[in-house]
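This report refers to the structure that appears directly beneath it.
The values are calculated or read from the model by the stated rules, or taken from the named source; none is laboratory data. These numbers come from a predicted model, not from an experiment. Here the Cβ is made from the backbone with ideal geometry for all residues, glycine too, and neighbour counts use every protein chain on show. Heads up: the accessible areas ignore ligands, DNA and RNA and are worked out on the full protein's heavy atoms, side chains in. Shrake-Rupley method; radii C 1.70, N 1.55, O 1.52, S 1.80 Å.
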Amino acid sequence: MAVALGPFGWWRRWRRRLSAREVSRMLLLLLLLGSGQGPRQVGAGQTFEYLKREHSLSKPYQGVGTSSSSLWNLMGNAMVMTQYIRLTPDMQSKQGALWNRVPCFLRDWELQVHFRIHGQGKKNLHGDGLAIWYTKDRMQPGPVFGNMDKFVGLGVFVDTYPNEEKQQEAQKRRYSPGVQRVFPYISAMVNNGSLSYDHERDGRPTELGGCTAIVRNLHYDTFLVIRYVKRHLTIMMDIDGKHEWRDCIEVPGVRLPRGYYFGTSSITGDLSDNHDVISLKLFELTVERTPEEEKLHRDVFLPSVDNMKLPEMTAPLPPLSGLALFLIVFFSLVFSVFAIVIGIILYNKWQDQSRKRFY
């Protein structure tokens, strides 16, 4: 005779056939699916990735504004539209940025950027591009794609204007054709606050790597992904409309502190473009580490790259207090008076000796 199992009887009966680990994994899967943040396997040596909503941005762009409760802040000429956030319009001398208010304390993460760059400018008559940031400071306007120079952290640049190739003859004299760039161009830079971005050379002296990325005026979606796993920085792009990631930059030994901020910015000068951000999605990557890797991958406090020497930051001398300044001036005067008195005494003795020689 059949026995009714009740509403959860089937679960208790099935659970007897599963190990405790399998049960915990299934419960975690059900919980994540129910929360809308389903896990997705990302590769060998990694298990799952989880969307972090506090560091992500998507339509209808709720939580963007200037209030203290907003997760994202706009700066400069950036404005929220229905289908995108426009960092800068296709107008001269504009500057805009979008910054996350919540610092990121994840060890391993992946940021997917859905963006669009378009405008009326023709070949080499558009600019200047946009940047994606993971930096210590936020909301600091400046000349580097709309952000401050000598930043602390990571910058990824989608550069659309070749400043270095404005004078092609000089370009040919300086470099062989094998190393000349084709723009638009994606590059990355890690800075500890001591380096300046070289605009005249499009950041070439400080870049970690780069690749050509034809991203302007396309009629399909363009994406960029920045992945940071076990101090390994990987940048890939999907700009061909094939929904496939293509490698751009891969750098091992990149040391980025936790607690920095994500942001994106853009700037236009004499040349311009529309620079639109459609979404930013940050995923936490759960990565298994051996005890040796745990010891090796300890937290760092200043960005750096293995096998790449960054100038050391020199701390500025603290300003002198009022008492210290008074003492310095006082003893300087005393020493000066003492030196003058000694000089007068020695001069008088020299005069007396000179008189005795004539008698």
Karplus couplings for region 341-352 from phi (6.51 cos²θ - 1.76 cosθ + 1.60, θ = phi - 60°), rounded to Hz, Gly and Pro as x? 4, 4, x, 5, 4, 5, 5, 5, 4, 5, 5, 4
Long-range amide H partners of L208, meaning residues 5 or more apart or on another chain whose placed amide H is closer than 5 Å, are A188, M189, V190
I need the fraction of alpha carbon pairs in region 157-297 separated by more than 25 Å, rounded to a whole percent. 38
With label points set 7 Å from each Cα along the Cα-to-Cβ direction at Q62 and L323, the distance between them in nm comes to 5.8
Provide the gained length on full extension for the span S93 to E200, in nm with one decimal, where the gain is 0.36 nm per separating residue minus the Cα-Cα distance. 36.7 nm
What whole number of Å gives the distance from the Cα centroid of region 105-163 to the Cα centroid of region 220-246? 15
In the structure shown, do any of K59/K136; K94/K123; K52/K309; K230/K281; K136/K281 have a Cα-Cα gap over 24 Å, and if so which? K59/K136; K52/K309
Please list 3J(HN,Hα) in residue order for region 138-146, calculated via the Karplus relation 6.51 cos²θ - 1.76 cosθ + 1.60 where θ = phi - 60°; whole Hz, with x for glycine and proline. 10, 6, 10, x, x, x, 8, 6, x
Leaving out ligands, DNA and RNA, what percent of the accessible area of region 261-315 is carbon and sulfur, probe 1.4 Å? 53
Loop only per DSSP, at most 11 neighbouring Cβ atoms within 10 Å: give me the trypsin sites (Lys or Arg not before Pro) in region 232-273, ordered by residue number. K242
How would region 227-274 be classified by its alpha-carbon gyration tensor: rounded, prolate or oblate, with rounded meaning a/c under 1.5 and the a/b versus b/c comparison settling the rest? oblate
